[in-house]
Amino acid sequence: MALGERFPEVLQAAGQGADWAWAEVYREYAPSLLRFLTSQGAAEPEDCLGECFVQLVRNLSSFTGDEPAFRAWLFRVARNRLVDAWRAGRRRPAAPSADVGILHESRHQHEPADADLIRRQAVEDVLALLGDDQRAVIVLRVLEQFSVEETAEILERSPGAVRVLQHRALRKLRDVLEANRLSGGRSWIPG
């Protein structure tokens with residue numbers, strides 16, 4: 001659910017400090033940013049999300065563009081906060097969180113909770129097999145539905161590099177799932 005036609009009004013009101021507008025911006029974008037931060041192995045995804053919104057408040061006046069550009073800008077801020085946190089800690093990102101409720105919201109509300117839990121855990125397990133950049137590309141392109149160009153902007157890569165990362169990630173996922181199918185489901189992902 002995007003803000004749609006209300007986007008310019010909400011963004012302008014947020015720029016003027018209207019609490020209702022900031023609440024709408026947070027409600028609209030925070031869940032997907034938190035999923036992204038969690039999927040990328042942020043040690044403290046909620047803290048990182050807070051830092052993203054602090055930067056948003058500070059820099060909102062410098063933003064120009066439409067809603068898709070704003071969304072891409074927010075994800076780039078989130079990616080930059082992740083990189084800053086990794087550099088400050090002089091470590092690689094943690095494995096994606098096992099918080100199964102956050103990575104992928106269920107589209108199958110009629111199924112039992114156990115099936116939904118198993119499905120989300122399987123998605124997390126499969127994504128954990130990918131390298132950092134491949135995982136970021138898959139999350140942004142497939143789960144968050146950004147275009148190649150938007151993903152390239154967020155990750156500060158060329159569109160060609162994004163296509164290659166996506167191709168390699170999908171090939172790796174296909175190979176893992178095919179091996180699992182051939183083994184009758186007995187050789188699932190270690191973890």
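The values are calculated or read from the model by the stated rules, or taken from the named source; none is laboratory data. All values derive from a computational prediction rather than experimental measurement. Quick reminder, even Gly has a Cβ in these numbers, built from the backbone with ideal geometry, and neighbours come from all protein chains shown.
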Which residues, taken from the stretch 33-55, are free of Cβ contacts under 8 Å to residues at least 60 places away in the same chain and buried (at least 20 other Cβ atoms within 10 Å of the Cβ)?
Leu33, Leu37, Ala42, Pro45, Cys48, Leu49, Cys52
I'd like to know if the stretch 2-16 contains one or more residues that are part of a helix (DSSP H, G or I), free of Cβ contacts under 8 Å to residues at least 24 places away in the same chain and surrounded by 19 or more Cβ atoms within 10 Å (Cβ to Cβ).
yes
Could you check Glu67 against (1) of a type in the set (D, E, K, R); (2) under 13 Å from the mean Cα position of the chain (by Cα); (3) modelled with pLDDT of 90 or more and say which number it fails?
(2)
Filter result (surrounded by fewer than 16 Cβ atoms within 10 Å (Cβ to Cβ) and either at positive phi or touching a residue at least 40 places away in the same chain (Cβ under 8 Å) (or both)) within the stretch 155-179:
Glu156, Leu177
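In this structure, does Ala30 turn out to be under 15 Å from Ala72 (Cα atoms), free of Cβ contacts under 8 Å to residues at least 24 places away in the same chain and of a type outside the set (D, E, K, R)?
Yes: the conditions hold for Ala30.
Among the residues of the stretch 49-93, what is the count of those that are part of a loop (DSSP other than H, G, I, E, B) and of a type outside the set (Lys, Arg)? First the steps, then the outcome.
From the stretch 49-93, those part of a loop (DSSP other than H, G, I, E, B) are 63-66, 90-93; that's our starting set.
Right, trim to of a type outside the set (Lys, Arg) and you get 63-66, 93.
Total meeting the criteria: 5.
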Every listed condition ((1) at pLDDT below 95; (2) under 23 Å from Gly15 (Cβ atoms)) holds for Pro45 save (2)
Those residues of the stretch 111-140 which are within 14 Å of Arg35 (Cβ to Cβ) and of a type outside the set (A, V, I, L, M, F, W, C) amount to Arg120, Glu124, Arg135
Asp99: over 21 Å from Ala30 (Cα atoms) and either modelled with pLDDT of 80 or more or not assigned by TED's automatic domain parsing to the domain that holds Gly50 (or both), yes or no?
no
